[in-house]
Amino acid sequence: MGYALPPGGHPQLAAGFSLAVSADSANKEAAYLFIQWLNSEDISMERVQLPYALRDPFRESHFTSAEYQSRWPDAPAYLETLQEGAVTGLLDLSILQTDRYEEALRQGLSRLWGGEDPQVILDDIAAQWDATTERIGVDKQKEAYADWASKPNAYPN
């Protein structure tokens, strides 16, 4: 068993896990406190070690935990590789309604596996992306993109 960064050395975490409080929530404070608890040092340490999930560690204490490093023989190498990836990794795209762009792409890939014409799929995805951008507002999306692109690790060096 071995662990390594992908070619180029710039991994990206899978999209899809986030915690947020809806502006329309009837229990904003309770939701916020739950998120604080879920990400507290002790609880997050338990969560990243769940054998059926192994959420990526995100605290220094996760990477250096003697308990976590003892979970299986190669756990220290696993954690070292993930820690290196945390330093060199690329940021997930963070623009307005990123999930809509990702969903159009996901659906397009499913269509490709189903044997549809790649050019038709690409044209359809582009049209969906354009429509999403128009709904959001081109200038608002440009501003969100510029903010994301200005952060370290938005793009490989």
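The values are calculated or read from the model by the stated rules, or taken from the named source; none is laboratory data. This one's a predicted model, so the numbers in the text were calculated from it and none came from an experiment. Neighbour counts are summed over all protein chains in view; Cβ atoms, including those assigned to glycine, are modelled from backbone coordinates with ideal geometry. Areas reflect the complete protein model, heavy atoms only, side chains present, ligands, DNA and RNA absent. Shrake-Rupley method; radii C 1.70, N 1.55, O 1.52, S 1.80 Å.
Once both labels are positioned 7 Å from their Cα atoms along Cα-to-Cβ, the gap between GLU84 and LEU112 label points is 2.9 nm. Protein-only accessible surface at a 1.4 angstrom probe places the residues LYS140, LYS151 in the order LYS140, LYS151, largest first. Placing TRP129, TRP72 in order of accessible area, with the largest value first and a 1.4 Å probe, yields TRP129, TRP72. If Lys and Arg each add +1 and Asp and Glu each add -1, what is the summed charge of the other residues whose beta carbon sits under 15 Å from the beta carbon of ILE136? In short, -4. Largest GNM mean-square fluctuation among GLY137, GLY115, GLY89, using the chain with Cα springs under 10 Å: GLY115.
Distance from the C-alpha centroid of the stretch 1-50 to that of the stretch 123-146: 27 Å, rounded to the whole angstrom. Ligands, DNA and RNA aside, ILE35 has an accessible area near 30 Å² when probed at 1.4 Å. Using the 1.4 Å probe convention, the accessible area of the chain works out to 70 Å² per residue with neighbouring protein chains retained. Ignoring lysines fewer than eight residues from LYS151 along the same chain, the ones with Cα atoms less than 24 angstrom from its Cα are LYS140, LYS142. To the nearest 10 degrees, how steep is helix 118-136 against the longest Cα principal axis of the chain, on a 0 to 90 scale? Tilt relative to the chain: about 90 degrees. Each residue of the stretch 149-157 was assigned a 3J(HN,Hα) from its phi angle through the Karplus curve 6.51 cos²θ - 1.76 cosθ + 1.60 (θ = phi - 60°); the sequence is 5, 7, 7, x, 6, 5, 10, x, 6 Hz, with glycine and proline shown as x.
When the chain is fully extended, how far beyond the present Cα-Cα distance does ASN157 get from GLN36, taking 0.36 nm per residue of separation? If you can, show how the numbers build up before the last one.
On the way: separation 121, 0.36 × 121 = 43.56 nm, distance 3.36 nm.
Extra length from ASN157 to GLN36 when fully extended: 40.2 nm.
Stokes-Einstein, applied to the Kirkwood radius of the stretch 3-143 over Cα pairs at a viscosity of 1.306 mPa s and 10 °C, places its translational diffusion at 86 µm² s⁻¹. Across the stretch 18-130, the mean sequence separation of Cα contacts (distance under 8 Å, 6 or more residues apart), normalised by length, yields a relative contact order of 12 percent.
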